[in-house]
Structures are given as C-alpha cells and as structure tokens.
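Below you'll find the structure, written out as structure tokens, and then a few comments.
The values are calculated or read from the model by the stated rules, or taken from the named source; none is laboratory data. Computed from a predicted structure; not experimentally measured. When we count neighbours, we look across all protein chains shown, and the Cβ atoms used for this are built from the backbone with ideal geometry, even at glycine. When the accessible area is computed, the model is the full protein with side chains, heavy atoms only, and any ligands, DNA or RNA have been set aside. Shrake-Rupley method; radii C 1.70, N 1.55, O 1.52, S 1.80 Å.
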Amino acid sequence: MKPSLWTVLLLSFSVLAFAPERAKADLDYLVGIGPRVAGSPAAAQAAEYLAAQARAAGYAVEFQPFSYTRSRDTGSSLSLGPTRLEALALSGSPGGTFEAPLQAVPGVGAAGDYAGLDVRGKIVVVRRGVIPFLEKARQAAAQGAVAVVVVNNEPGAVRGTYGGVGPIPGVTVSGSEGEALFARSGERARLVVGAVLEQAQARNVIARRPDSSAPSVVVGGHYDSVQGAPGANDNASGTVTVLELARSLAGEGWAKDVWYVWFDGEEDGLWGSRNFVQAFPERVRGLKAMLNLDMVGVRASPALGVGGDAALLRLLEQSGAQFNDIGNSGGSDHVPFAQAGVPVLFFHWGIDPNYHQPTDTVADPKLLAETAVAVRAALERILKQ
Ligand SMILES: [Zn+2]
C-alpha cells in the first residue's frame, strides 16, 4: 500500500519529535531498577539500558570506565545522654567512634566562624550551606576538632559528599533534629561514623553518530543516584531527556557532532564529568558548549532554571525560550567543563522535597518535554549560526 502524504508527514514527525511517553517509559524503567549507586549492579543495568537505547537510535556507544575512593555508610548516629540522632556519614568520610564534648560553631563553619572558640579535641556542629562540606571539614580539622556534624538547612535529612577523602569524619543530621544541638555546647557526645572506604568502579556512557569523530557540543546528565533513593528527578529525569533528545535529533544533519554523555559517580563528587574532562582533553578543547541537565522533572520553581555562560544565556534568550537565569550555579556535571574553559548551560528546575529521599519516584513527562524544547533551542542557536 502506498502511504499517503499525510502518513509520511505523520511518520517523519513522530520520528523527529521529542516523545514524552517514550521518555516516561525510559524513566519508569530506570526508577524500577532501584537506586543506581555508582558501581552497583543497578547502575550497570542502567548503563546497559542507555547504551542499548542509544544504539537502537543509530548511535555508536562507548563506555568510559573509571574508579575512585568513596566511603559507604554502614550506619551512623550522634548520642547525647539518652538522646540519639540518626546521622548520615558524608561520602568520603573516614569512619570511627568518638566520645568528646560538643561545640556549636556559629554560621556555616567558615574560618571566621571559629573566632574566640577552642574546639581542640571536640566534635563541632555547623550549619549546612554557603561552603562545601569538605571546606567545613578542613576548617574544623585546622582548628583541631576531631569530627564535624553538619546540621541540614532544611527539616529533613540530606546525604552529602566530601567529593574526595575528607580530613576528619563528618556526618549530616536533619534540620529538625539537629537545630537543638546549637544549644548543647559542652555536653559530652558519642558520635558513631559507620563509614568504610571502598573503591567504586564506575563508567560513563558516551553516544555519538558513527560518522562523528569529534564533538562540537556535549549534552549530558548523570544517571547515578544516591544510596536509598531511586532518583527519578535526581537524575533519571535529565538522563531520559538526554536520551529522548538523542533519538529526536538522530536524523538532523546540523546535530551530527552533538555527543550525548551519561555521567556516573556524580553524587559522590562529579567523578564522571571530571574523568571525562581529564581523559579527553582534545574532545573538550573542541567544544562549543556543554549542556547539562540535572533535576528537570519536578516543577520545584515557577520557571525552568538555566545557568552558566553569559553569551550562551543570551543566545537562549534570543530563541524565545522561557527560563529563569540561575547564574553560575554549581554542584553538577557542567562544573568540570566550565573549569576547563568550555561555555556551559545548566538546566535545572530546582530542588524538590523528595531530593535524595526514597520518595524520589516521580518526574513529569510534560516537564521533560518542556526542558527538551529549551535544550534543543540552545543547540540550534549554537550550531546553526
Ligand atoms: Zn543530580
């Protein structure tokens, strides 16, 4: 049967358009695997799925293996007399059990916050935010503290990372339980940091057209998630949006040298993107842009947030895309590229209440499609002119 012109148009449209229902199916698959902790069988299964899907869309796929040291939390707590708080060891924290006086440090534990305090041999309590966990630990260690307790700046718990091996043990406690600690300086506390150091064997998944020898743009997102969280929004949302974008752009001539990279080990400290930048200096040098998608499936703020390079943000604005400029936001896989001099854009709808929780199980396909429109607009502006 000869297809009508209308059928041909419909077919070509369905091939080219971003299909939210397909992205949803990808997302359901990834979330169904369970938490995709770097180096775990679940993460391996996710990587195989992404590779198979990219190959099915016509891409050549390469795996980039790498390894790093991290700590695994085997159970941590902070006790003051009969009061026992659940704690979460920071990734990269040494383990150990400490009995020492507690010392509240005002502010976020920056150098200036220690003025007039003697914290030698003590367990310090600081607030989350402003400076990285590792910096808080370095300051505490420099002042002679034996361990650092970081109180979350939101009511719930949070898993954090040193992004490497920390100088002293560190944990986070929930904001709701931890706030009271600031009134208990001088009391003896018992801190158990159940952390064992281990080697994580991780891998990035890199997809390119078979006829592309070097990338002009990398579009990426991390596919790993934290322990205990199935990571629907963080970051199966970005992962499947990148995948469906790859499918929808597979036949576009102008997008030939767009490479799609799914990063591993982001949650332990941007290991995947850092390793990509280190391992492929030539590829990185030729990049016009790197676009990173992280947490794009839950409307945690009124508008899509896009941060990064000022010139790229202007280009995106000219395309008519609707977004909120979130400035030079850090904390995700665009950072190592920006540090290597690559203009970056970071697409992010904000931190939702299920962030790093077992309840991070949903992402809105409509929002993924909305994000994809903006990413595609940026790509067209970057590559077509
Ligand atoms: Zn993330």
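Annotations for the structure displayed:
- Scanning segment 211-228 for residues that are at pLDDT below 95 and within 10 Å of the ligand (Cβ to nearest atom) yields one hit, 226.
- Residues located in segment 323-359, provided they are away from the ligand (no atom under 14 Å from the Cβ), among the β-branched types (Val, Ile, Thr) and open to solvent by 50 Å² or more (accessible area, probe 1.4 Å): 326, 359
- Taken together, the criteria place residue 195 among residues that are surrounded by 24 or more Cβ atoms within 10 Å (Cβ to Cβ) and modelled with pLDDT under 95.
- Of all residues in segment 238-279, those that are touching a strand residue (DSSP E or B) at 6+ places or on another chain (Cβ under 8 Å) and not aliphatic (A, V, I, L, M) total 19.
- Selection of segment 51-68 for residues being open to solvent by less than 50 Å² (accessible area, probe 1.4 Å) and part of a strand (DSSP E or B) yields 60, 61, 64, 66, 68.
- Test result for residue 282, over 21 Å from the mean Cα position of the chain (by Cα), closer than 27 Å to residue 54 by Cα and either of a type outside the set (Phe, Trp, Tyr) or within 16 Å of the ligand (Cβ to nearest atom) (or both): yes
- Contact annotation: residue pairs with Cβ atoms under 6 Å, 6 or more positions apart or on different chains, pairing a residue in segment 230-254 that is without any contact (Cβ under 8 Å) to a residue 60 or more places away in the chain with a partner that is away from the ligand (no atom under 16 Å from the Cβ), are 242/260.
- Residue check: residue 289 meets all listed conditions (1) more than 24 Å from residue 363 (Cα to Cα); (2) small (Gly, Ala, Ser); (3) in contact with a Lys or Arg (Cβ under 9 Å, 6 or more places away or on another chain) but one, namely (3).
- Residue check, residue 158 more than 20 Å from the chain's Cα centre (by Cα) and hydrophobic (A, V, I, L, M, F, W, C): no
- Of all positions in segment 360-367, at least one carries a residue that is within 13 Å of the ligand (Cβ to nearest atom), charged (D, E, K, R), within 30 Å of residue 175 (Cβ to Cβ) and not assigned by TED's automatic domain parsing to the domain that holds residue 156.
- Any pair with Cβ under 8 angstrom, 6 or more apart, that starts in segment 193-212 at a residue that is outside the structural domain of residue 255 (by TED's automatic domain parsing) and more than 30 Å from residue 73 (Cα to Cα) and ends at one that is of a type outside the set (A, V, I, L, M, F, W, C) and open to solvent by 60 Å² or more (accessible area, probe 1.4 Å): none
- Residue selection: residue 301 satisfies the criterion of being farther than 21 Å from residue 215 by Cβ and either under 19 Å from the mean Cα position of the chain (by Cα) or outside the structural domain of residue 37 (by TED's automatic domain parsing) (or both).
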